[in-house]
Amino acid sequence: MEAVLAELAVAGAASDRPDINVLQKARAALARTDRAPLPIGVLLSGSGTNLQALIDAIASGDLNAEIRLVVGSRPSAYGLKRAEAAGIQTLTLSKEVYADPIQADEVIAHELLAAGCEYVIMAGYMRMVHAPLLATFPNRVINIHPALLPSFQGAHGIQDAFDRGVKVTGVTVHIANAVYDMGPIIAQRALAIEEGWDLETLEEHIHAIEHVLYPEVIQMLADGRVHVRDDLTVEVRPEGSGL
Ligand code: GRF
């Protein structure tokens, strides 16, 4: 244990922006009851049902996390109202700030750090994330995609899968990096498409899966179970495996 802490201290001293593996190792080393709620920030652009699922999972005790800040890319995003209703601090950047995406991400990264967030959770955030955010939270920006990556990348994953007539689709939770929709995959859940489903039915099933899977994955992070290998695949370790 002392050796581990010494190792973490060295890694921490080497960087004030530790990679996910350093932080995950530190959480894994603690007993479950000693782990403080995982401090997270959420980025969104729309209705925020995934944010709501996280708020509800925290409230019910299923998710040991604390949402410190919700960032909305547009003032009309209903997700901001959900955050306010739950008493969570929000930030909406103006169009002028977003005109320069790098500057916008510098502001966002600064505010997330100031709020003490360790992980950045994208939940229907319809913008790219850029170097200032990715470098500030190395391998710690997480995204949910409504298809089984690497299939059906982009902004219309559900519709594209439906139109292609695939028989199985699903949901992916992955780490966002510089290559859009191609970062390390943490978890996937498959869904068989039944005869007779229309697009709306498929969307309902996909969202229902998202609202279970996203809290589950963030709980894995809260438990320190997520390890990114050098080849950018992810190992999810059993709870309680320690180090
Ligand atoms: C979800 O389908 C998510 O997979 C995608 O955007 C949608 C956001 O929905 N990235 P909501 O705003 O959480 O309701």
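The values are calculated or read from the model by the stated rules, or taken from the named source; none is laboratory data. Quantities reported herein were computed from a predicted structural model and do not represent experimental measurements. Cβ atoms come from the backbone with ideal geometry, glycine included; neighbour counts cover every protein chain shown. Just the protein is used for accessible areas: all its heavy atoms, side chains included, with ligands, DNA and RNA removed. Shrake-Rupley method; radii C 1.70, N 1.55, O 1.52, S 1.80 Å.
Working only within region 106-115, note down all residues that are open to solvent by less than 30 Å² (accessible area, probe 1.4 Å), more than 15 Å from Leu44 (Cβ to Cβ) and under 16 Å from the mean Cα position of the chain (by Cα). Write out each step before concluding.
Filtering region 106-115 down to residues open to solvent by less than 30 Å² (accessible area, probe 1.4 Å) leaves 108-109, 112, 115.
So of that shortlist, the ones also more than 15 Å from Leu44 (Cβ to Cβ) come out as 109, 115.
Of everything in region 106-115, just one residue is open to solvent by less than 30 Å² (accessible area, probe 1.4 Å), more than 15 Å from Leu44 (Cβ to Cβ) and under 16 Å from the mean Cα position of the chain (by Cα), namely Ala109.
Among the numbered criteria (1) β-branched (Val, Ile, Thr); (2) open to solvent by less than 10 Å² (accessible area, probe 1.4 Å); (3) assigned to a helix (DSSP H, G or I), which single criterion is violated by Ile121?
Of everything listed in (1) β-branched (Val, Ile, Thr); (2) open to solvent by less than 10 Å² (accessible area, probe 1.4 Å); (3) assigned to a helix (DSSP H, G or I), Ile121 misses just condition (3).
Between a residue in region 202-213 that is farther than 14 Å from His156 by Cβ and any residue that is assigned to a helix (DSSP H, G or I), which pairs come within a Cβ distance under 6 Å, given they are 6 or more apart or on different chains?
Hits for this filter: Glu210/Asn50; His211/Ala53.
Within 25 Å of Arg27 (Cβ to Cβ), surrounded by fewer than 23 Cβ atoms within 10 Å (Cβ to Cβ) and more than 16 Å from the ligand (Cβ to nearest atom), is that true of Leu93? Give the derivation first.
Working: within 25 Å of Arg27 (Cβ to Cβ): no; surrounded by fewer than 23 Cβ atoms within 10 Å (Cβ to Cβ): yes; more than 16 Å from the ligand (Cβ to nearest atom): yes.
No, not satisfied.
Across region 76-103, which residue is nearest to Ala65 (Cα to Cα) among those that are hydrophobic (A, V, I, L, M, F, W, C) and free of Cβ contacts under 8 Å to residues at least 24 places away in the same chain?
Applying the first criterion (hydrophobic (A, V, I, L, M, F, W, C)) to region 76-103 yields 77, 80, 83, 85-86, 88, 91, 93, 97, 99, 102.
Cutting the leftovers down to free of Cβ contacts under 8 Å to residues at least 24 places away in the same chain gives us 85, 91, 93, 97, 99.
Working: Ala85: 18, Leu91: 19, Leu93: 25, Val97: 29, Ala99: 32 Å.
That would be Ala85.
Look at Ala53 and say whether it is of a type outside the set (Asp, Glu), open to solvent by less than 20 Å² (accessible area, probe 1.4 Å), closer than 20 Å to Ile142 by Cβ and under 14 Å from the mean Cα position of the chain (by Cα).
On the way: of a type outside the set (Asp, Glu): yes; open to solvent by less than 20 Å² (accessible area, probe 1.4 Å): yes; closer than 20 Å to Ile142 by Cβ: yes; under 14 Å from the mean Cα position of the chain (by Cα): yes.
Answer is yes for this residue.
Any residue in region 195-212 that is open to solvent by 60 Å² or more (accessible area, probe 1.4 Å), out of contact with any helix residue (DSSP H, G or I) (no Cβ under 9 Å at 6 or more places or on another chain) and within 30 Å of Glu106 (Cβ to Cβ)?
No, region 195-212 contains no residue that is open to solvent by 60 Å² or more (accessible area, probe 1.4 Å), out of contact with any helix residue (DSSP H, G or I) (no Cβ under 9 Å at 6 or more places or on another chain) and within 30 Å of Glu106 (Cβ to Cβ).
Considering (1) without any contact (Cβ under 8 Å) to a residue 24 or more places away in the chain; (2) of a type in the set (S, T, N, Q); (3) within 13 Å of the ligand (Cβ to nearest atom), say which one Ser60 fails and leave the rest.
Ser60 satisfies all of (1) without any contact (Cβ under 8 Å) to a residue 24 or more places away in the chain; (2) of a type in the set (S, T, N, Q); (3) within 13 Å of the ligand (Cβ to nearest atom) except (3).
As an exercise: evaluate Arg127 against (1) open to solvent by 20 Å² or more (accessible area, probe 1.4 Å); (2) modelled with pLDDT of 95 or more; (3) within 14 Å of the ligand (Cβ to nearest atom) and give the number of the one condition it does not meet.
(2)
Looking at region 111-160, which of its residues are without any contact (Cβ under 8 Å) to a residue 24 or more places away in the chain and in contact with a Phe, Trp or Tyr (Cβ under 6 Å, 6 or more places away or on another chain)?
Asp160
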